[in-house]
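Before any comments, here is the structure.
The values are calculated or read from the model by the stated rules, or taken from the named source; none is laboratory data. Note that the structure is a prediction, hence the values are computed from the model and not measured. Every residue, glycine as well, gets a Cβ built from its backbone with ideal geometry; the counts of neighbours run over all protein chains shown. What goes into the accessible areas is simple: the full protein's heavy atoms, side chains included, and nothing from ligands, DNA or RNA. Shrake-Rupley method; radii C 1.70, N 1.55, O 1.52, S 1.80 Å.
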Amino acid sequence: MSNQRKRPTGEREEDDEEDDAEGIGQWERAYVDDRSWEALQEDESGLLRPIDTSAIYHAQYRRRLRMLSAAAAGTRIQKGLIRYLYIVIDFSRAAAETDFRPSRMAIMAKHVEAFIREFFDQNPLSQIGLVSIKNGIAHTLTDLGGSPESHIQALMGKLEAAGDSSLQNALELVHEHLNQIPSYGHREVLILYSALSTSDPGDIMETIQKCKKSRLRCSVIGLSAEMFICKHLCQETGGLYSVAVDEVHLKDLLLEHAPPPPAIAEFAISNLIKMGFPQRAAEGSMAICSCHKEVKIGAGYTCPRCKARVCELPTECTICGLTLVSSPHLARSYHHLFPIAPFDEVPTLASSNDPRRKLGKSCFGCQQSLLGAGNKPGPCVTCRKCKHYFCLDCDIYIHESLHNCPGCESIHRPKSVSLMEE
Amino acid sequence: MASVASKLYSDDVSLLVLLLDTNPLFWSNTSTTFSQFLSHVLAFLNAVLGLNQLNQVVVIATGYSSCDYIYDSSLTSNVNSESGRTGMPALFGSLLEKLEDFIDKDEELIKEQEHDDRIASSLLSGSLSMALCYIQRVFRSGHLHPQPRILCLQGSPDGPEQYVAVMNSIFSAQRLMVPIDSCYIGTQNSAFLQQASYITGGVHHAPKQLDGLFQFLTTIFATDLHTRSFVQLPKPVGVDFRASCFCHKKTIDMGYVCSVCLSIFCEHHKKCSTCGSVFGQSKLDGASTVSDKKRKAPDS
């Protein structure tokens, strides 16, 4: 992966070329920037063919799943479901570097937008806030809130880089904000750091100890190189430190932070939170909504405690402060609580007593044939509980998006063994 | 050839995945017989296939103790089957054979297990999951594919033990942008189907007279996704998203939610009955008091 990093001399040459941008055609860019020869490999007879990415992709996916399930080991790990996350983005002069096309700033903004949407999709009860570091000072772009649109608008509004970066100022600001949240919430910070230095007004080690004491979990994603201070911060507070080598890797690293992390035992204080489940307002009813302060007709929800009208859920009622959710929002987090076990790989046997021949030649989920070239059994996986066979693509889809095994759901289970009562 | 195919794949080519409820415990209690119902459904499937040359239909049966694929119009093996039945179009000969086999197997499985349930629900979550896996396979096949949608023809009541699985399928369908239409032909209201259609942007309808089922199916559920913007379809009315508490099962307006396991209670408790966490205390505090007592014992 390291050979894909651009060397300084290469960068200077590209800057010259970009000055007369009309001179470079798209076909030349494929060689200069993308190194298209790396996507080919030779087979046994010396002929060139593109790399078979599906097998590699599936192998990567299985490694990741094995790491996750090794930690879980059959027990259900408590996860921090109600998260208060601050995203700190470094807008110092290092963010204007062009080693990520078109610039680190633009790529960070694009992927943070995708991350925010994915985050609210997986954690509907959580809240995000944005902080930026510019000229050595940390600014709050948005306060903690649950609506993705307002965060994305604030982020895209100001994309300019200047000055130094200061890690301590950012941590102090975030620490101040996160001290005000209720005790059942999980406090997290995600720092996107592109600079190679930090200019701090005081002792950053003290700040790190302060964060550790207030149960703040800090994770850092670096865009340039690994730094000791970031690694120390993450180790002390129990977060994850990773450095992105290219754009695709950066996106993967960011999206790893979307599912809820395992809760650290001494940090997790459980509490009963009072929540309201509002009903839809009657068709044609007129009311002034409390979020926009305008007259609205019809669609909207009524807070059960103070009867104020709100436009969308989940939200906090602006009048009485009650958290308003609907049952699908809670249901979005249930798959974190009841994860399905990973499927087992089936070794490809060529013997004729293979019981698989009798059981089924097609994937149970999508009916695709499981036979590879020449009617020999191709790669497939099987579920431990229902013993049905699935193809590799269904395996990935079931574990990443669907969270239900079709085979286990197609068996009638008597009520006594149901996991959850509704 | 590729350019000709792309001209044929216009906006209104659709893939309809039909989830047919074959639960014998439901069908033994209705005024309309299953074969009358099936004749409406087969005429509807013919109508859908006739709307566009490239339309595809897949039928998955939702039984009481199993689910399976019954028919796929894109497989060429359907054409060669001998149809010994009179009055039914040869196109559906294999569908009827497979459906009979499936129902026989399902009934055998029912006899094997004892059923103590008063709620005789069918396995909606199983067939929804299978439908979504099939649709995911269609998406993988390239950028020239029909627009998929799911139609649930359900009569059995909702089974509460399937709530989590059905909600997972609904959210996955929402991400894939696949609408779930639902036609409920039973007696009580089905909250699962109403929520499914509302969240995924599909149409929900519960026809009162089953004699006119073909009419409802063709006027409401046969339109493809592109044409729906020009047609007036039944609007979602009064979908109740309130939750029910875990202790009494009654719907509540305001309640208490455990921050660890998200269980809903109507009154304040000291301990969560689902995950066992004591409220107001971290797990480590609870553990350390126990270990203190243990440490004291050997000293004394």
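So, with a 1.4 angstrom probe, what is the percent of accessible area on the range A:79-197 that is carbon and sulfur?
On the way: 1930 of 4020 Å².
Ligands and nucleic acids excluded, carbon and sulfur reach 48 percent.
Excluding ligands, DNA and RNA, what is the accessible area buried between chains A and B, summed over both sides, using a 1.4 Å probe, to the nearest 100 Å²?
Values: alone 24230 and 17410 Å², together 35710 Å².
Interface area, both chains combined: 5900 Å², rounded to the nearest 100.
Could you pull the accessible area for A:T98 with a 1.4 Å probe, rounded to 10 Å²?
Approximately 50 Å² for this residue.
At a 1.4 Å probe, which residues in the range B:245-269 are at least 50 Å² less accessible with all protein chains present than in their chain isolated?
With the partner chains in place, the range B:245-269 has these residues losing at least 50 Å²: B:F246, B:K249, B:D253, B:M254, B:Y256, B:V257, B:S259, B:V260, B:L262.
Which whole-number percent is the relative contact order of the range B:96-177 (Cα, under 8 Å, 6+ apart)? Numbers along the way, then the final one.
Numbers: 29 pairs, mean separation 34.5, N = 82.
Reported as a whole number, the value is 42 percent.
Run the paramagnetic zone check for B:D12: 7 angstrom along Cα to Cβ, then residues of the range B:181-225 with backbone nitrogen under 11 Å.
Within reach of a label on B:D12: B:223-225.
Could you state how much accessible area A:W37 has, in square angstrom rounded to the nearest 10, with a 1.4 Å probe and all protein chains kept in place?
140 Å²
List the residues of the range A:392-413 whose accessible area drops by at least 50 Å² when all protein chains are present, compared with their chain alone, using a 1.4 Å probe and counting only protein heavy atoms.
Residues of the range A:392-413 that lose at least 50 Å² of accessible area once the other chains are added: A:Y397, A:L402, A:N404, A:E409, A:S410, A:H412.
Give the calculated FRET efficiency between B:Q209 and B:N52 to the nearest 0.05, with a Förster radius of 25 Å applied to their Cβ-Cβ distance. Walk me through the numbers before you get to the answer.
Details: r = 29 Å, r/R0 = 1.17.
The value I calculate is 0.30.
How much length, in nm to one decimal, is gained on full extension between A:I181 and A:A59, taken as 0.36 nm per residue of separation minus their Cα-Cα distance?
Working: separation 122, 0.36 × 122 = 43.92 nm, distance 4.12 nm.
Length gained between A:I181 and A:A59: 39.8 nm.
First measure r as the distance between the Cβ atoms of B:H226 and A:H232, then evaluate 1/(1 + (r/R0)^6) with R0 = 56 Å and state the FRET efficiency to the nearest 0.05. Walk me through the intermediate numbers first.
Details: r = 56 Å, r/R0 = 1.01.
Between B:H226 and A:H232 the formula returns 0.50.
So how far apart, in nm, are the two label points at B:Q113 and A:R49 if each is 7 Å from Cα heading toward Cβ?
4.5 nm
Before I look further, what does the range A:200-239 give for accessible area per residue, probe 1.4 Å, in whole square angstrom? Walk me through the numbers before you get to the answer.
Working: 1800 Å² over 40 residues.
With all protein chains present, the range A:200-239 gives 45 Å² per residue.
Taking the alpha-carbon centroid of each part, what is the distance from the range B:219-243 to the range A:264-310 in angstrom?
Result: 25 Å between the Cα centres.
Which residues of the range B:24-69 end up with at least 40 Å² less accessible area in the presence of all protein chains than when their chain stands alone, using a 1.4 Å probe?
Relative to the lone chain, where solvent access is computed with a 1.4 Å probe, the range B:24-69 loses at least 40 Å² at B:Y69.
Which of rounded, prolate or oblate describes the range A:149-193 when judged by the alpha-carbon gyration tensor and an a/c cut-off of 1.5? Each step should come with its number before you reach the end.
Numbers: a/c = 2.74, a/b = 1.38, b/c = 1.99.
Note, shape of the range A:149-193 comes out oblate.
What distance in nm separates the simple spin-label points at B:T251 and A:H292, each placed 7 Å from Cα in the Cβ direction?
That separation, rounded to one decimal, is 2.7 nm.
Starting from the amide H of A:S194, placed 1.01 Å from N in the peptide plane, find each other amide H under 5 Å away whose residue is 5 or more places distant or on another chain.
Under 5 Å from the amide H of A:S194: A:D90, A:L223.
R0 = 22 Å: FRET efficiency of A:W27 with A:D246, Cβ-based, nearest 0.05? Present the calculation step by step, with values, prior to reporting the outcome.
Numbers: r = 21 Å, r/R0 = 0.97.
That gives a FRET efficiency of 0.55.
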